[in-house]
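The values are calculated or read from the model by the stated rules, or taken from the named source; none is laboratory data. None of these values were measured; they are calculated from a predicted model. As a convention, Cβ positions derive from the backbone with ideal geometry for all residues, glycine included, and neighbour counts pool all protein chains shown.
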Amino acid sequence: MKKVVKKSAFDPAFEFGRISNFLKSQLESSSAKGYVVGLSGGIDSAAVASLCQKSVGSRNVLCLQLFEDYHKSSNDFADARAIIEKLKVRSRDVPISPLISAYEQILKSKDFEPSRVTMANLKARIRMTILYSFANQESYLVAGTGDRSEDLIGYFTKYGDGGVDVLPIAHLYKGQVRELGRHLGLPEKVVTKPSSPNLWKGHKATDELPADYEVLDPILSLLFDHSAGPREVSRRTGAPLSLVDEVIRLNLASRHKRSYPPMVSGF
């Protein structure tokens with residue numbers, strides 16, 4: 001019989017208020033004028049864009065669509081455009097294919113054949129530089145879209161989608177972000193859509209994660225919110241001990257992504 005972990009109470013209205021106050025205070029303390037958000041068409045970026053819009057107003061939010069050319073006909077591109085129209089925020093469509101091609105040609109001219117993962121991380125870092133270019137120009141902050149489920153196991157690119165000014169939903173697991181998305185009035189197809197970083201054709205987050213979010217979230221919560229041991233987590237969730245151990249391994253291996261670079265001496 002499959003074990004079930006009782007879900008903790010999650011109040012999306014309370015979280016909206018807490019995140020909204022956070023976003024407002026970050027602008028006040030930094031003297032920035034608004035937020036830039038990279039909009040992918042998925043739940044995380046849609047939720048962050050909506051949170052920013054509801055917190056500081058449509059005129060103070062700039063959403064960027066940073067897609068490759070082949071994605072222009074995708075559902076993700078259409079969903080991102082629909083979110084922009086729904087929120088009535090400012091937007092720019094900035095195709096990244098020319099930049100990717102230029103980087104790839106330069107690398108190959110140096111007898112360097114980048115792997116798919118190398119190119120995927122490069123794409124994430126190209127997006128980061130574009131987000132910061134617009135943020136610098138507008139005196140805005142870059143709002144990151146990482147959630148707790150992905151951040152705890154290092155499922156993000158260092159200095160790519162991990163290179164941001166604020167992380168409004170990094171304390172929420174993927175399932176909680178979906179609940180918050182419904183509270184924010186986001187389209188159900190966006191709320192329930194499988195996550196994808198869109199770093200290659202057909203790319204889905206679950207292709208690289210050790211388990212689906214429905215399985216992963218309870219494991220992460222027991223390990224890192226309740227300090228449960230691996231065997232207890234396995235017993236309470238019904239997940240194989242090998243899966244729990246893999247989650248722990250990913251967390252430890254990605255510690256460098258969640259901390260400041262090591263130094264001989266501190267500041």
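Mind checking which pairs have a first residue in segment 96-112 that is at pLDDT 95 or above and a second that is assigned to a loop (DSSP other than H, G, I, E, B), Cβ under 8 Å, 6 or more apart or different chains?
ILE96/LEU66; ILE96/PHE67; ILE96/GLU68; SER97/GLU68; ILE100/GLU68
Among TYR103, TYR132, TYR70, TYR35, which is the only one that is aromatic (Phe, Trp, Tyr) and crowded, with 22+ Cβ neighbours inside 10 Å?
Details: TYR103 fails: crowded, with 22+ Cβ neighbours inside 10 Å; TYR132 fails: crowded, with 22+ Cβ neighbours inside 10 Å; TYR70 fails: crowded, with 22+ Cβ neighbours inside 10 Å.
Exactly one of TYR103, TYR132, TYR70, TYR35 is aromatic (Phe, Trp, Tyr) and crowded, with 22+ Cβ neighbours inside 10 Å, namely TYR35.
List every residue pair whose Cβ atoms sit under 6 Å apart, with the two residues 6 or more apart in sequence or on different chains, where the first one lies in segment 115-136 and is more than 10 Å from THR157 (Cβ to Cβ) and the second, anywhere, is of a type in the set (Gly, Ala, Ser).
LEU131/GLY38
Checking the condition in contact with a Ser or Thr (Cβ under 8 Å, 6 or more places away or on another chain), closer than 22 Å to ASP76 by Cβ and free of Cβ contacts under 8 Å to residues at least 12 places away in the same chain, which residue from LYS204, LYS174 passes? Explain how you work it out, then say what you get.
On the way: LYS174 fails: free of Cβ contacts under 8 Å to residues at least 12 places away in the same chain.
Residue meeting the stated conditions: LYS204.
Does LYS86 satisfy the criteria of being closer than 25 Å to ARG148 by Cα, surrounded by fewer than 18 Cβ atoms within 10 Å (Cβ to Cβ) and in the same structural domain as GLY146 (by TED's automatic domain parsing)? Even if it seems obvious, please write down each step before you answer.
Details: closer than 25 Å to ARG148 by Cα: no; surrounded by fewer than 18 Cβ atoms within 10 Å (Cβ to Cβ): yes; in the same structural domain as GLY146 (by TED's automatic domain parsing): yes.
Spelling it out, it is not the case that LYS86 is closer than 25 Å to ARG148 by Cα, surrounded by fewer than 18 Cβ atoms within 10 Å (Cβ to Cβ) and in the same structural domain as GLY146 (by TED's automatic domain parsing).
I need every pair where a residue in segment 240-267 that is in the same structural domain as PRO218 (by TED's automatic domain parsing) and touching a residue at least 60 places away in the same chain (Cβ under 8 Å) has its Cβ under 9 Å from the Cβ of a residue that is assigned to a loop (DSSP other than H, G, I, E, B) and loosely packed, with under 15 Cβ neighbours inside 10 Å, sequence separation at least 6 or different chains.
Pairs that qualify, where the first residue is in the same structural domain as PRO218 (by TED's automatic domain parsing) and touching a residue at least 60 places away in the same chain (Cβ under 8 Å) and the partner is assigned to a loop (DSSP other than H, G, I, E, B) and loosely packed, with under 15 Cβ neighbours inside 10 Å, are HIS256/PRO262.
Please state which one of PRO187, PRO210, PRO197, PRO230 is in contact (Cβ under 8 Å) with a residue 40 or more places away in the chain, surrounded by fewer than 19 Cβ atoms within 10 Å (Cβ to Cβ) and touching an Asp or Glu at 6+ places or on another chain (Cβ under 8 Å). Let's see the steps before the verdict.
Details: PRO210 fails: surrounded by fewer than 19 Cβ atoms within 10 Å (Cβ to Cβ); PRO197 fails: surrounded by fewer than 19 Cβ atoms within 10 Å (Cβ to Cβ); PRO230 fails: in contact (Cβ under 8 Å) with a residue 40 or more places away in the chain.
Going through PRO187, PRO210, PRO197, PRO230 in turn, just one is in contact (Cβ under 8 Å) with a residue 40 or more places away in the chain, surrounded by fewer than 19 Cβ atoms within 10 Å (Cβ to Cβ) and touching an Asp or Glu at 6+ places or on another chain (Cβ under 8 Å): PRO187.
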